[in-house]
Amino acid sequence: MIKIHSRLLLTLFAVLISPHTAIAESDTREAISLTESERNLVLTEMRGFLSSIQEITMALSKDDMAQVSKSAKKVGMAEQQGMPKSIREKLPKAFKVLGMKTHKAFDQLALDAREMEDKQQTLEQLGTLMNNCVACHASFKIVQEK
Ligand code: HEC
């Protein structure tokens, strides 16, 4: 637990102090070992995140807050419940916490977009929740179990 957190902080710190050298040459991300089908499942969920963000951005440009809410809801907590126990047991705690936070943030965005119809607020919420994408991608990678 402490080890994971210090690694996460170190990675974030490295990214912050050296934005240009980045991590292209040395990959310091923590590896998570999954079977091929487990990896496919996680990556499918990831593409769902990206797809929802694309839909939300498009809907915002059209002032269609009902669609914003619908697209955000697709990647909320309800979707997360489909993740099999076998995978959850292999994921580091810090990964699960970040993942959960992200799904919850989409639920909140969906709710607020519907209730308040405030585009500016939605944009801020989207930008803020995407810090989770950035942080997790800087810290973890998935490798295939041998
Ligand atoms: C809890 C950690 C975590 C969070 C949060 C997270 N990701 Fe990921 N994502 C990963 C990991 C790990 C990979 C695989 C990276 C690798 O193995 O190199 C990945 C891969 C992806 C991929 C590539 C999918 C593919 O088919 O290869 C996309 C797209 C993606 N993430 C989008 C997002 C978006 C958008 C968000 C935020 C809304 C997000 N992710 C949030 C951990 C996370």
Residue pairs qualifying under the 8 Å Cβ cut-off, at least six apart or on distinct chains, with the first in the stretch 111-139 being under 17 Å from Lys62 (Cβ atoms) and the second being within 8 Å of the ligand (Cβ to nearest atom) and part of a helix (DSSP H, G or I), are Leu126/Ile53
Quick one: Phe106 ticks every box in (1) within 16 Å of Leu50 (Cβ to Cβ); (2) of a type in the set (Phe, Trp, Tyr); (3) touching a strand residue (DSSP E or B) at 6+ places or on another chain (Cβ under 8 Å) except a single one, so which number is it?
(3)
Residue pairs meeting the criteria (Cβ under 6 Å; at least 6 apart or on separate chains; first charged (D, E, K, R), in the stretch 27-46; second part of a helix (DSSP H, G or I) and more than 11 Å from the ligand (Cβ to nearest atom)):
Glu30/Arg7; Glu38/Ile87
Output for the stretch 99-146, where each listed residue is of a type in the set (D, E, K, R), at negative phi and more than 8 Å from the ligand (Cβ to nearest atom):
Lys104, Asp107, Asp112, Arg114, Glu115, Asp118, Lys119, Glu124, Glu145, Lys146
I'd like to check which helices (runs of 4 or more DSSP H) are fully inside the stretch 54-144 and have at least 2 residues that are farther than 21 Å from Thr35 by Cβ.
65-73, 77-80, 93-116, 119-139
Which ones in the stretch 109-125 are within 14 Å of Gly76 (Cβ to Cβ) and in contact with a Leu (Cβ under 7 Å, 6 or more places away or on another chain)?
Leu109, Gln125
Can you find, within the stretch 67-94, the residue that is nearest to the ligand (Cβ to nearest atom) among those that are hydrophobic (A, V, I, L, M, F, W, C) and out of contact with any helix residue (DSSP H, G or I) (no Cβ under 7 Å at 6 or more places or on another chain)?
Leu91
With the structure loaded, tell me whether Leu9 is surrounded by 11 or more Cβ atoms within 10 Å (Cβ to Cβ), within 23 Å of Lys101 (Cβ to Cβ) and modelled with pLDDT of 95 or more or whether it fails that test.
no
Which residues, counting only those in the stretch 81-118, are under 13 Å from Asn132 (Cβ atoms) and surrounded by fewer than 18 Cβ atoms within 10 Å (Cβ to Cβ)?
Lys96, Val97, Met100, Lys101, Lys104, Gln108
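The values are calculated or read from the model by the stated rules, or taken from the named source; none is laboratory data. None of these values were measured; they are calculated from a predicted model. Counting neighbours? That spans all protein chains shown, and the Cβs are built from the backbone with ideal geometry, glycine included.
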